[in-house]
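Following: one structure in structure tokens, then a few remarks.
The values are calculated or read from the model by the stated rules, or taken from the named source; none is laboratory data. Small disclaimer: the values here were computed from a predicted structure and weren't measured. Cβ placement follows ideal geometry from the backbone for every residue including glycine, while neighbour counts extend to all protein chains displayed.
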């Protein structure tokens, strides 16, 4: 009687023997590869064959890495653009502030030079705001009766006359601009000495010479200045320039439109002239004694 397994279940070479054979074969292959580099060709061939599979397996990782890098780059560029935009705005603000300060300094220097040239006493004031009445052209300045400002005083800038003080408060004053419809100022054409009266014009920011004869000697570009006959504005101060002269044969008077030369609507610091000094006549010079009188006085002293 046989006690071994039937031929159908015969397992062949034992597992331990196969393990030993495979281990020995592996050692032989390692030695041959290390010494003779015989498996390099096989390794390169396997690498070429398996490369597409390797790339396919690495594609999700690379895609995730590229997406993360793209999002990080977008965020970094966005932050950098925001920083550059803020820096540009800051530089622009600084540049505008510098230009404003330079322009303001230039105007102040001009006013100081004008103040030295003007023969009457003047007070520098700052324009606070415009009048709330839409139908008038008035501004409010930061000096009033407490600073010696009086009603009727002329208001000028470095270019010419811009208005007149019409109402005074203790700390502020109201200035009516030349372009106000109810404001008037006696003027003279510098080219020929023709006297006239300039009124606030119908057009915004303009003046008009009313009641001028159609044949009056006045042309475009003529400069008109204060005549001084009103006793308020010192004579010879520039007021406006003739912009347009309309002569109609059917009209009784010519239509003369002027533009003020002063900063009626742009300057923030102006000068207020004293009415008393502007209207005060110049002091007469003391009469010099004749030569005979001086000799007589010398003889009397002796």
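Some notes on this structure:
- When the residues of region 274-302 are filtered to those that are at pLDDT below 75 and closer than 29 Å to residue 207 by Cβ, the one that is surrounded by the fewest Cβ atoms within 10 Å (Cβ to Cβ) is 281.
- Residue in region 67-83 that is surrounded by fewer than 10 Cβ atoms within 10 Å (Cβ to Cβ), part of a helix (DSSP H, G or I) and at pLDDT 80 or above present: no
- Candidates 55, 43, 35, 61 - the one that is modelled with pLDDT of 80 or more and part of a helix (DSSP H, G or I): 61
- From the list 198, 159, 173, the lone residue that is in contact (Cβ under 8 Å) with a residue 40 or more places away in the chain, under 14 Å from residue 230 (Cβ atoms) and under 34 Å from the mean Cα position of the chain (by Cα) is 198.
- Checked against the criterion of being touching a helix residue (DSSP H, G or I) at 6+ places or on another chain (Cβ under 9 Å) and without any contact (Cβ under 8 Å) to a residue 12 or more places away in the chain, the candidates 65, 35, 55 yield just one match: 55.
- Checking every residue in region 238-259 against the condition of being surrounded by fewer than 16 Cβ atoms within 10 Å (Cβ to Cβ), assigned to a loop (DSSP other than H, G, I, E, B), in contact (Cβ under 8 Å) with a residue 60 or more places away in the chain and in contact with a strand residue (DSSP E or B) (Cβ under 9 Å, 6 or more places away or on another chain) gives zero matches.
- Residues of region 146-182 satisfying the condition of being buried (at least 23 other Cβ atoms within 10 Å of the Cβ) and in contact with a helix residue (DSSP H, G or I) (Cβ under 9 Å, 6 or more places away or on another chain): 153, 154, 156, 165, 173
- For region 111-151, residues that are modelled with pLDDT of 80 or more and assigned to a helix (DSSP H, G or I) total 3.
- In the set (1) part of a strand (DSSP E or B); (2) closer than 16 Å to residue 187 by Cβ; (3) at pLDDT below 90, residue 271 fails one condition alone, (2).
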